[in-house]
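Contents: one structure, followed by commentary.
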Amino acid sequence: MNERIKMRETGLRKKRRVNSLFLLTAFLFLSGDACPMDNDRDIVIEDFEGQNLKKSLPYGWNKKGDDLYYRLNRENRNAFLAGDYDCGKIGKGKGTILFREYKINYKKYPFFSWKWRIRQTPEGSDEKLKDKGDSAVAVYVYIRSGMFTRKIIKFVWSQKYKAGEVFESPNSIWAWETKVYVVRGTESRDLLGKWVSEKINLAGVYEKLYSKKLKNSVKGFGVITDADNTCSVAAGDYDDFTMTRQ
């Protein structure tokens with residue numbers, strides 16, 4: 001009889017410990033201490049590390065255009081995307097955009113950042129003119145505005161205009177309305193050949209360009225290096241696309 005009583009008491013103590021552990025785990029989960037529901041870290045969307053450097057098109061990316069003159073490269077143990085457009089070899093009118101679909105949570109992570117570098121500027125480029133609208137480096141952000149429509153922001157490093165200038169893209173159409181935002185301009189010519197970091201408040205820029213608050217979802221981003229309009233040469237690099245809180 002005493003053996004049975006001891007076994008029952010031992011079992012009850014184990015059960016109480018299990019119940020207490022379950023309640024503690026549930027409390028920590030709900031309070032966010034054991035399994036944090038909110039991540040305070042920055043989110044690296046693409047840094048090209050781990051990509052197959054033998055591929056011209058990075059994994060997870062797509063292209064809009066027929067020619068693929070981009071490549072993955074490595075320099076000082078750092079992987080990045082390089083674009084080289086030589087009109088003499090590729091021809092006119094063959095500029096290609098590389099883009100990646102990625103839902104950017106601009107409310108939780110309001111800042112979109114990246115690094116870029118110009119190695120060669122297209123001669124005589126002018127982002128306001130359709131027949132000269134080439135860029136050594138440019139970054140697109142795609143925003144859903146309707147079932148079949150998009151509003152697009154094209155961030156450029158211009159060789160003709162100053163930083164902060166904004167205007168309608170000459171390639172803008174009703175379904176893909178595109179605004180150009182000059183992130184860097186003529187004042188940054190001494191930075192050619194150097195990696196430069198950018199950080200943009202997407203909602204703030206969108207409101208400045210479209211005179212309305214950003215409410216729709218951000219669907220992805222893209223890049224373009226081209227010299228197909230000026231029929232010259234353009235070369236630029238991209239790296240470290242990141243979403244940050246501040």
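Figure legend. Inter-residue proximity from region 193-216: first residues assigned by TED's automatic domain parsing to the domain that holds Arg144, second residues surrounded by 12 or more Cβ atoms within 10 Å (Cβ to Cβ) and assigned to a helix (DSSP H, G or I), beta-carbon distance below 6 Å, spacing 6+ or different chains. Indicated pairs: Lys213/Glu207; Leu214/Ala203; Leu214/Tyr206.
Tell me whether region 110-121 contains one or more residues that are assigned to a loop (DSSP other than H, G, I, E, B), within 17 Å of the chain's Cα centre (by Cα) and either in the same structural domain as Asn216 (by TED's automatic domain parsing) or closer than 20 Å to Glu198 by Cβ (or both). Checked region 110-121: at least one residue is assigned to a loop (DSSP other than H, G, I, E, B), within 17 Å of the chain's Cα centre (by Cα) and either in the same structural domain as Asn216 (by TED's automatic domain parsing) or closer than 20 Å to Glu198 by Cβ (or both). Going residue by residue through region 126-134, is there one that turns out to be in contact (Cβ under 8 Å) with a residue 12 or more places away in the chain, more than 20 Å from the chain's Cα centre (by Cα), more than 24 Å from Arg189 (Cβ to Cβ) and assigned by TED's automatic domain parsing to the domain that holds Tyr161? For region 126-134, residues in contact (Cβ under 8 Å) with a residue 12 or more places away in the chain, more than 20 Å from the chain's Cα centre (by Cα), more than 24 Å from Arg189 (Cβ to Cβ) and assigned by TED's automatic domain parsing to the domain that holds Tyr161: present.
If I filter region 183-195 for residues that are assigned to a strand (DSSP E or B) and either of a type in the set (Phe, Trp, Tyr) or in contact with a strand residue (DSSP E or B) (Cβ under 9 Å, 6 or more places away or on another chain) (or both), do I get at least one hit? The answer is yes; a qualifying residue exists. Against the list (1) in a loop (DSSP other than H, G, I, E, B); (2) at pLDDT below 95; (3) in contact with a Gly (Cβ under 8 Å, 6 or more places away or on another chain), the condition Tyr106 fails is (3). Criterion applied to Arg77, Arg117, Arg184 was being free of Cβ contacts under 8 Å to residues at least 40 places away in the same chain and surrounded by 19 or more Cβ atoms within 10 Å (Cβ to Cβ), and the one residue passing it is Arg184.
The values are calculated or read from the model by the stated rules, or taken from the named source; none is laboratory data. In this text the structure is predicted, and so the values were computed from the model without any measurement. With ideal geometry, Cβ positions are generated from the backbone for all residues, glycine too; neighbour counts draw on all protein chains shown.
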